[in-house]
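Chemist: Take this structure, written in structure tokens, and hold onto it; I'll ask about it next.
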Amino acid sequence: MTQQQKDRSEHLLKVEELKKYYPVRGGFFRRKIGDVKAVDNISLDLKRGETFGLVGESGCGKSTAGRTITRLFKPTEGKIFFEGKDITNLRGTQLRNLRQDIQMVFQDPYASLNPKMMVGSIVSEPLVNYGKGSESKLKDEVMNLLTRVGLPEDAYYKYPHEFSGGQRQRIGIARALALKPKLIVADEPVSALDVSVQSQVLNLLKELQDEFDLTLLFIAHDLSVVKHMSDRIGVMYLGNLVEVADADDLYRDPKHPYTQALISAIPQPDPRNKSERIILSGDVPSPQNPPVGCPFHPRCPKVMPECSGKKPQLKEVNKEHRVSCLLYE
Amino acid sequence: MSNQEALLEIKNLHTGFDIGGETHHAVKDVSFSVKPREVVCVVGESGCGKSVMSLSIMKLLPKHNGKIDKGEILFKGKDLVPLNDKEMNQIRGKDISMIFQEPMTALNPVLTIGFQMDEVLINHTNAKKEEIRQKSISLLKQVGISRAEQIVHEYPHQLSGGMRQRVMIAMAIACQPQLLIADEPTTALDVTVQAQILELITKIQDEVGMAVMLITHDLGVVAEMADRVVVMYAGQVVEESDVDRIFYDPKHPYTRALLSSIPRMEEEKEVLNTIKGIVPSLKNMPEVGCRFVDRCPEAMPECRKIDPLLGETEKGHSVRCLLYDASKPEKKSEVR
């Protein structure tokens, strides 16, 4: 086994130089006139049992990254390895089998559950689809799952509209757990929920992770939530991964100017601790036409002349702490 | 409490909605006041009545089923409740302005930014057309839009969320109002843009010298902005105090639970505290007793029998909970 192969099989998931472009069509015969570079060359790896947090503002490509990794989208370039196996180009039955091991929890608990299906059917559907038995045979198992995620047993016979947002998210989690997956990609699972309910769902996810031995890719825009959940965090900006570090390290010693600004911009729930804010000017540029050089340079408070020329690469500055910024090269 | 100095004073406000022939109160017995140049944050979860309360002040409730049943809304000593639409139009946008959560739906998509900006000034001033356009441009510059001359010819869809919220703020401060009501102004925005907008609101507040009533669910925003905090739960004010005491000496079990259930950056905590259950819906609200009782970790049997009152435990700190003597109806009457 070569070093590279060994490296790939050690991690549950390994993503190498992943790109996902969406074509922009227009003009005569709707020709392709450009690309939206939603994910532009990211590499990351997930160890077994860890929670990797992916954080960034809206439009930074974090959801696209999550869905490309789960192969809901076909990557434009790059490679994805799951348990050492290349899953980048899987099709048909093989792809279908892969889905047993990778499940997703979606953001909107109102849109991601079929309103015409009983909760029992929603949760048993993945099991039925993979031939684990008929719905009636699986009833006990599904009821166990429902109670495990904190729903009453009679939830089995109810419909999604009878539940609150937090409870619906629990249904979504039960559905994702049904097949006992190895990896769960949770895409903004709590952003639609109220604070008091949010903490319930976060605690549940943590408990289940220990119990079912799950690896979690946790995607969110709220850095304090991501920090609470994750072992390691990747910060995305405009389709690029700008910093990857241990969760505590990232908070204590953020290296990239964007991460520093992001952390300082979060209002802290403590009136006596009003820290100096780094206020960024302007908005996130369009991913259809990203800036040349470092994608962050037009808004960066520490911009240097060379930033508009050379695109920085993700480099290790400390142990397990990687940054893509020319300040550290 | 001396109320001479209050800019806005809400007294025992009840706002109800007709649902299936029955009136359900989304706001039940809300009283608090806003002093000039003060930032008051109203905080609570979705469905706690904070938006309905602000719409009641502006008298923007849906006409077909929403109405103010009881109570007074005193603005500079004048009650707004009996005013009709025409009289309210004199106040809206001029003395009291409002900005909303979703700046895309609050702006008209088929009219230019300039047209919508000018409209406010045309309605409330007698200035000439050219002066008004100049004023609109200078207002846009005041809220940090550098391309103001071009922006007035553009449409809302051409702007980003943060820019639209800036336009909304510019419109709101056009007539130098004394009170700005901001209903979740940064909820739809990213954190870095939120930081820009919050800083802008603070700056403008200083320049215009207005009071701000900021409605939010984000306790971080509250800590950042507020002088005083009003905590709402299920249509009632459960606690009111200055920002320091709310964060460092919270009295009501709900406030305490809310504060301990948010993940904090500087802390290492394996398990977050939670509040069990959910906010009861309008239809399932308990008739008598405390509305928080089913979720309260400190619930007592009498909580289901007695309506707690909002009483002062110490000067400037009110709470609605039977754990405190000031909230017990019989004790309260003795004090009086």
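Chemist: State whether the residues of the range B:316-328 include one that is under 23 Å from the mean Cα position of the chain (by Cα) and either within 14 Å of chain A (Cβ to nearest Cβ) or within 23 Å of residue A:169 (Cα to Cα) (or both). Spell out the reasoning first.
Modeler: Just the residues of the range B:316-328 that are under 23 Å from the mean Cα position of the chain (by Cα), to begin with: B:316-321.
Filter once more, so that each one left must be either within 14 Å of chain A (Cβ to nearest Cβ) or within 23 Å of residue A:169 (Cα to Cα) (or both): none.
Checked against the condition, which is being under 23 Å from the mean Cα position of the chain (by Cα) and either within 14 Å of chain A (Cβ to nearest Cβ) or within 23 Å of residue A:169 (Cα to Cα) (or both), the range B:316-328 yields no hits at all.
Listed here are the residues, each with its yes/no results for (1) more than 27 Å from residue B:86 (Cβ to Cβ); (2) open to solvent by less than 50 Å² (accessible area, probe 1.4 Å).
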residue: B:5; (1), (2): yes, no
residue: B:16; (1), (2): no, yes
residue: B:22; (1), (2): yes, no
residue: B:27; (1), (2): no, yes
residue: B:32; (1), (2): yes, yes
residue: B:37; (1), (2): yes, no
residue: B:50; (1), (2): yes, yes
residue: B:53; (1), (2): no, yes
residue: B:59; (1), (2): no, yes
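Chemist: Let me ask you something else. If the requirement is being at the interface with chain B (Cβ under 8 Å from one of its Cβ atoms) and surrounded by 21 or more Cβ atoms within 10 Å (Cβ to Cβ), which of these qualifies: A:265, A:186, A:176? Reasoning before the result, please.
Modeler: Details: A:186 fails: at the interface with chain B (Cβ under 8 Å from one of its Cβ atoms); A:176 fails: at the interface with chain B (Cβ under 8 Å from one of its Cβ atoms).
Of A:265, A:186, A:176, the one residue that is at the interface with chain B (Cβ under 8 Å from one of its Cβ atoms) and surrounded by 21 or more Cβ atoms within 10 Å (Cβ to Cβ) is A:265.
Chemist: For the subset of the range B:250-288 comprising residues that are more than 17 Å from residue B:327 (Cα to Cα), in a loop (DSSP other than H, G, I, E, B) and of a type in the set (D, E, K, R), which member is farthest from the other protein chains (Cβ to nearest Cβ)?
Modeler: My answer is B:287.
Chemist: Taking strands (runs of 3 or more DSSP E) that fall entirely within the range A:11-99, which contain at least 1 residues that are surrounded by fewer than 21 Cβ atoms within 10 Å (Cβ to Cβ)?
Modeler: Details: elements: A:13-26, A:31-46, A:51-55, A:77-82.
Answer list for the range A:11-99: A:13-26, A:31-46, A:77-82.
Chemist: Only one residue in A:53, A:49, A:66 is of a type outside the set (Ser, Thr, Tyr), in contact with a helix residue (DSSP H, G or I) (Cβ under 7 Å, 6 or more places away or on another chain) and touching a residue at least 60 places away in the same chain (Cβ under 8 Å), so which one is that? Full working, then the answer.
Modeler: Working: A:49 fails: in contact with a helix residue (DSSP H, G or I) (Cβ under 7 Å, 6 or more places away or on another chain); A:66 fails: in contact with a helix residue (DSSP H, G or I) (Cβ under 7 Å, 6 or more places away or on another chain).
After ruling out the rest, the residue left standing is A:53.
Chemist: Could you tell me which numbered condition residue B:223 fails, if it satisfies all but one of (1) open to solvent by 10 Å² or more (accessible area, probe 1.4 Å); (2) assigned to a helix (DSSP H, G or I)?
Modeler: Here residue B:223 meets the rest and fails (1).
Chemist: Does residue B:303 qualify as being in contact with a Gly (Cβ under 8 Å, 6 or more places away or on another chain), open to solvent by less than 30 Å² (accessible area, probe 1.4 Å) and away from every other protein chain (no Cβ under 14 Å)? Don't jump to the end; show me each part of the working.
Modeler: Numbers: in contact with a Gly (Cβ under 8 Å, 6 or more places away or on another chain): yes; open to solvent by less than 30 Å² (accessible area, probe 1.4 Å): yes; away from every other protein chain (no Cβ under 14 Å): yes.
Yes.
Chemist: Within the range B:175-194, how many residues turn out to be in contact with an Asp or Glu (Cβ under 9 Å, 6 or more places away or on another chain), open to solvent by less than 10 Å² (accessible area, probe 1.4 Å) and modelled with pLDDT of 90 or more?
Modeler: Result for the range B:175-194: 2.
Chemist: Please state which one of B:83, B:55 is over 24 Å from residue B:232 (Cβ atoms) and either touching a Pro at 6+ places or on another chain (Cβ under 8 Å) or of a type in the set (A, V, I, L, M) (or both). Talk me through it step by step, then tell me what you get.
Modeler: Details: B:55 fails: over 24 Å from residue B:232 (Cβ atoms).
Of the residues listed, the single one that is over 24 Å from residue B:232 (Cβ atoms) and either touching a Pro at 6+ places or on another chain (Cβ under 8 Å) or of a type in the set (A, V, I, L, M) (or both) is B:83.
Chemist: Report the residue count in the range A:218-241 for those that are away from chain B (no Cβ under 13 Å) and within 17 Å of residue A:169 (Cβ to Cβ).
Modeler: Pass one, the range A:218-241, residues away from chain B (no Cβ under 13 Å): A:219, A:232, A:234, A:239-241.
Those still in the list that are within 17 Å of residue A:169 (Cβ to Cβ) too: A:219.
Within the range A:218-241, residues that are away from chain B (no Cβ under 13 Å) and within 17 Å of residue A:169 (Cβ to Cβ) number 1.
Chemist: Then there's this: Answer yes or no as to whether residue B:245 is more than 24 Å from residue B:186 (Cα to Cα), facing chain A (nearest Cβ under 10 Å) and at pLDDT 90 or above.
Modeler: Here the answer is yes, as residue B:245 does meet what is asked.
Chemist: For the range A:190-217, which residues satisfy the criterion of being in a loop (DSSP other than H, G, I, E, B) and over 13 Å from residue A:49 (Cβ atoms)?
Modeler: First pass over the range A:190-217, keeping only residues in a loop (DSSP other than H, G, I, E, B): A:190-194, A:213-214.
A:190, A:191, A:192, A:193, A:194, listed by residue number.
So that you can scan it fast, the table gives a plain yes or no per residue for (1) touching an Asp or Glu at 6+ places or on another chain (Cβ under 9 Å); (2) open to solvent by 40 Å² or more (accessible area, probe 1.4 Å); (3) outside any helix (DSSP H, G or I); (4) at pLDDT below 90:
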residue	(1), (2), (3), (4)
B:64	yes, yes, yes, yes
B:74	yes, no, yes, no
B:83	no, no, yes, no
B:110	no, yes, yes, no
B:116	no, no, no, no
B:122	no, yes, no, no
B:132	yes, no, no, no
B:146	no, yes, yes, yes
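Chemist: Looking at the structure I just gave you, is residue B:209 surrounded by fewer than 21 Cβ atoms within 10 Å (Cβ to Cβ), on the phi > 0 side of the Ramachandran plot and at the interface with another protein chain (Cβ under 10 Å from one of its Cβ atoms)?
Modeler: Working: surrounded by fewer than 21 Cβ atoms within 10 Å (Cβ to Cβ): yes; on the phi > 0 side of the Ramachandran plot: yes; at the interface with another protein chain (Cβ under 10 Å from one of its Cβ atoms): no.
Spelling it out, it is not the case that residue B:209 is surrounded by fewer than 21 Cβ atoms within 10 Å (Cβ to Cβ), on the phi > 0 side of the Ramachandran plot and at the interface with another protein chain (Cβ under 10 Å from one of its Cβ atoms).
The values are calculated or read from the model by the stated rules, or taken from the named source; none is laboratory data. None of the values given here were measured: they were computed from a predicted structure. Cβ atoms come from the backbone with ideal geometry, glycine included; neighbour counts cover every protein chain shown. Remember, those area values only see protein heavy atoms, side chains included, never the ligands or the DNA or RNA. Shrake-Rupley method; radii C 1.70, N 1.55, O 1.52, S 1.80 Å.
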